[in-house]
Amino acid sequence: MAVSSSLRLAVLSLVAIVTASGCTGDLGTPAPGPTSAPATAIRRADPDVIDFVGLRDILIGASMRDLTASGAVATANPGCGPSFTAVPYASPVFDGDDLVLIWAYPPLHTPEGVTVGTSVDEARRAYPAAVELNRPPGSTQYPGLLVTGGGDRAYLLLYDAGEVQKLVVGIERYARLLFDSGFGTC
């Protein structure tokens, strides 16, 4: 898939800004798989569900301007930049004004129960159509599983030692670009 140079530059700039900010970290539509209720109903019943649509009332693709006005995002946050105000275990990634990815940490989980700490075997059973993403030779980044669904949406499951280490949810092209670009710290 060809990625425009401006999109690549925007994501790489985002990674550089987040990395330079000094935060710490190591080295985020109906889901495929067994789901009997619509994604919105699942999110309402369990506030810790994150899916292709988003998290609680935070929708992938929403504008930072609208999320800030509603109080869902704080932009005057020291450290990593914008953050969710009511969800300390998730981190937003914006491209310009658009929310394109969410890094999700426990207790957040997909409708199928996949979260950081889930075994890779369980994740593969939950998402049998997931695409295996192999790290480049010599790279220290995690390998990944890309689960697509709902048009342009995806889950990026980064794993190591047989367990999911990172769960990133959002727009597929940004998840792929994040994987292809490697990972820094934030």
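The values are calculated or read from the model by the stated rules, or taken from the named source; none is laboratory data. Since we're looking at a predicted model, the values are computed, not measured. In this analysis, Cβ positions are derived from the backbone assuming ideal geometry, glycine residues included, and neighbour counts consider all displayed protein chains. What goes into the accessible areas is simple: the full protein's heavy atoms, side chains included, and nothing from ligands, DNA or RNA. Shrake-Rupley method; radii C 1.70, N 1.55, O 1.52, S 1.80 Å.
So here's what we get for this one:
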read-out	value
Fully extended contour minus Cα-Cα distance, from Thr68 to Gln141, at 0.36 nm per residue	23.0 nm
Residue-level accessible surface for Tyr174, protein heavy atoms, 1.4 Å, Å²	10
Shape category assigned to the range 53-186 from the gyration tensor of Cα positions, a/c cut at 1.5	prolate
Residue-level accessible surface for Asp95, protein heavy atoms, 1.4 Å, Å²	40
Carbon/sulfur fraction of accessible area - the range 87-186, other protein chains in place, 1.4 Å, %	48
Largest-first ordering by accessible area, 1.4 Å probe, given options Asp98, Asp57	Asp57, Asp98
Residue-level accessible surface for Thr75, protein heavy atoms, 1.4 Å, Å²	70
Cα-centre dipole for the range 54-186 with unit charges at Cβ (Lys and Arg positive, Asp and Glu negative), debye to 20	60
